[in-house]
Amino acid sequence: MIKTLTIFKNIEDLNALLKFYTEEVYPAIHKIPGIICTDLTSISHISPDISKELNGIELIMETHFESEEAMQRLVFSDLGNGIMMKTTQVTPCEVSVLMGKEKRFSGEMTDSLRQTIARIGHEVDDLAE
């Protein structure tokens, strides 16, 4: 699965940003074929020693796509460019967008998959030494 991660830092008006995304952005982008869903995560820092780069992150939005082509249809469209331009007009904030290819593991893994993951982890540990 392909997804975009949009990371919002130092948001001046969180409520204005959330209103913009829930009332304007989500209804518009979810009409585009190939978009599966969007997850929105509010961030609370629990580690006392957050790095300078991560400090200030308040919101992460993940939009899941059926394919890389579906993602590109949004990201490189007039709609996608308009969303990015309007976001910082709605409220000052820092916005970073990343693309990821996702693999999901669940608690219902087979013994074979668990052994493979353990072996890969062991091999990575060996390389680090």
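The values are calculated or read from the model by the stated rules, or taken from the named source; none is laboratory data. Note that the coordinates shown come from a computational prediction; the quantities given were computed from them, not determined experimentally. Backbone-built Cβ (ideal geometry, glycine too); neighbour counts: all protein chains shown.
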Item checked: Cross-chain or 6+ apart pairs with Cβ under 8 Å, the range 46-57 first and on the phi < 0 side of the Ramachandran plot, then hydrophobic (A, V, I, L, M, F, W, C) -> Ile57/Ile7; Ile57/Phe8; Ile57/Ile43
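Okay, residues lined up against (1) part of a helix (DSSP H, G or I); (2) of a type in the set (Gly, Ala, Ser):
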residue: Leu5; (1), (2): no, no
residue: Ile11; (1), (2): no, no
residue: Asn15; (1), (2): yes, no
residue: Val25; (1), (2): yes, no
residue: Leu40; (1), (2): no, no
residue: Ser47; (1), (2): no, yes
residue: Ile50; (1), (2): no, no
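Out of all the residues in the range 14-27, which are of a type in the set (Asp, Glu) and surrounded by 13 or more Cβ atoms within 10 Å (Cβ to Cβ)? Step through it out loud before you land on a result.
Taking the range 14-27 and keeping what is of a type in the set (Asp, Glu), we get 23-24.
Result: Glu24, single match.
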Item checked: Qualifying residues in the range 65-76 (those that are more than 14 Å from Lys101 (Cβ to Cβ) and touching a residue at least 12 places away in the same chain (Cβ under 8 Å)) - the one farthest from the chain's Cα centre (by Cα) -> Arg73
Checklist line | Of the criteria (1) closer than 26 Å to Lys103 by Cα; (2) under 16 Å from the mean Cα position of the chain (by Cα), which one Tyr21 fails | finding: (1)
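Here is a yes/no grid of residues against (1) modelled with pLDDT under 95; (2) surrounded by fewer than 14 Cβ atoms within 10 Å (Cβ to Cβ); (3) aliphatic (A, V, I, L, M):
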| position | (1), (2), (3) |
| --- | --- |
| Thr6 | no, no, no |
| Glu12 | no, yes, no |
| Ile29 | yes, no, yes |
| Gly34 | yes, no, no |
| Leu40 | yes, no, yes |
| Pro48 | yes, yes, no |
| Lys52 | yes, yes, no |
| Gly56 | yes, no, no |
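Please specify each residue of the range 82-108 satisfying the condition of being in a helix (DSSP H, G or I) and crowded, with 16+ Cβ neighbours inside 10 Å.
Ile83, Thr87, Val90
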Checklist line | Restricting the range 56-81 to residues that are assigned to a strand (DSSP E or B) and of a type in the set (Val, Ile, Thr), the residue that is farthest from Tyr26 (Cα to Cα) | finding: Ile57
